[in-house]
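Structure first, then comments.
We did not get these values from a lab; they are worked out from the coordinates using the rules stated. As the structure is a prediction and not an experimental result, all values here were calculated from the model. Cβ coordinates were reconstructed from backbone atoms using ideal geometry, including for glycine residues, and neighbour counts include every protein chain displayed.
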Amino acid sequence: MSLKVFELFGYAPNDTSSTAASLRAAHACPFVKGNCTKRLKSGLISGVCAVKPATSGPVICCPNRMYASGYAVLQEVAADAFDTHVRLCHDFNGIRGDGHDVIVFGKRWGKELRLPGRGARGGYFVDWILARLSRDHSLAEFVAVELQTMDTTGSYEAEVRAYLGGKTEAAPSKAGINWENVAKRILPQIIFKGHVLRQEPLCQKGIYFICPTPVYERIMTRLGNALRPYHKQAGSLTFRWYSLADEYSRGSCRALNCAGQMTTTVDQVALAFTSPQNLPEPRVYERAIRAELSARFAE
């Protein structure tokens, strides 16, 4: 596989504007406050927000890229789950007590909630909890939000160094997308957490799963593209997927747009994940072995 860096510190890698240059020089993230926290194996600050595989569209590889426009994705989830007039509160000082306050628990915003698992060990926490308060400041309801981008395999450091060194064009790397995480880690985790949240009486809208469009498409392919839609309920799972805008203006970041939403249930996902209908065709291992043997003995 091969891919190219698609966004570097929030901007196209060949963007030579003063805004893009200043962010690269400071190693600053344009989407969350502070510097980029991603490092390559050598220790170099990565700065890579999205990559472009040779055979597909761009793939966001940094979670912070999804928090553009002041964590707009969380406001959109809160409006969808509760009411269009709710407002997110950074802290308890912003509460008005009118039933529209939503306290946010998560990284860099509010406080992270680490929920104890069996034996008082942590393990049942999600990325975000959005908790709507009643007029008397008591908990009225809440939803959980998981956000997932994709990791890469291999290294694109040479390309990053070329752009940071002032070049506007660089050769693609031999890095790739770690799509195996969809089956190995992502799906098992959201199924497990969805079942945990189903036990919560005040979590009547289930869990939201936010991801880039290519991640959603890969998940649906893995699940056989046959999930039944449901209304939001205890135990529901709502996918919201986002794409980077095609349009790009020098000195500006691409817009991050919601490309769709679909609600199903944790049970539907779990059933599709283990269904024999989604297996590859028979004798795939045999053909792979025979092909390897033929290649070896033909030498």
remark   = Taking alpha-carbon centroids only, the range 178-239 lies from the range 278-292 a number of Å equal to 29 Å
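Tell me the mean residue ellipticity at 222 nm calculated for the chain from its helices only (DSSP H runs of n ≥ 4, each -39500 (n - 2.57), averaged over every residue, nearest 500). Before the final figure, lay out the partial values.
On the way: 7 runs with 76 residues, N = 299.
For the chain, the value works out to -7500 deg cm²/dmol.
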remark   = For the chain, whose charge dipole is built from +1 on Lys and Arg Cβ atoms and -1 on Asp and Glu Cβ atoms, the candidate among A68, N35, I210 with its Cα farthest towards the positive end is N35
inquiry  = Checking the cross-link filter: which lysines have an alpha carbon closer than 20 Å to that of K33, excluding same-chain neighbours under 8 positions apart?
reply    = K107, K111
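Listed highest first by mean packing, meaning other Cβ atoms within 10 Å per residue, what order do 157-165, 46-54 come in? Intermediate results must be reported in sequence, preceding the final value.
Numbers: 157-165: 16.7, 46-54: 21.6.
Put in order of decreasing packing, that is 46-54, 157-165.
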Beta bridges per DSSP with both ends in the chain, % antiparallel, nearest 5 = 75 percent
key: Percent breakdown of C-alpha pair distances by 10 Å bin, ordered from the shortest bin, for the range 22-173   = 9, 31, 28, 20, 10, 2
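Could you work out the mean projected area of the convex hull around the alpha carbons of the range 151-201, in square nanometres to one decimal?
5.5 nm²
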key: Dipole-positive endmost among P13, S243, C253 within the chain (Cβ charges, Cα centre)   = P13
request  = Once you've got the GNM for the chain with C-alpha springs shorter than 10 Å, pick whichever of A245, A28, A79 has the biggest mean-square fluctuation.
outcome  = A245
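Taking a ≥ b ≥ c as the square roots of the Cα gyration tensor eigenvalues, with a/c under 1.5 meaning rounded and otherwise prolate when a/b beats b/c, else oblate, which class fits the range 1-57? Mind dumping the intermediate values first?
Working: a/c = 2.08, a/b = 1.37, b/c = 1.52.
Because a/c hits 1.5 or more and a/b fails to exceed b/c, the range 1-57 counts as oblate.
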query = Top mean-square fluctuation among T168, T265, T238, Gaussian network model of the chain, C-alpha springs under 10 Å?
reply = T168
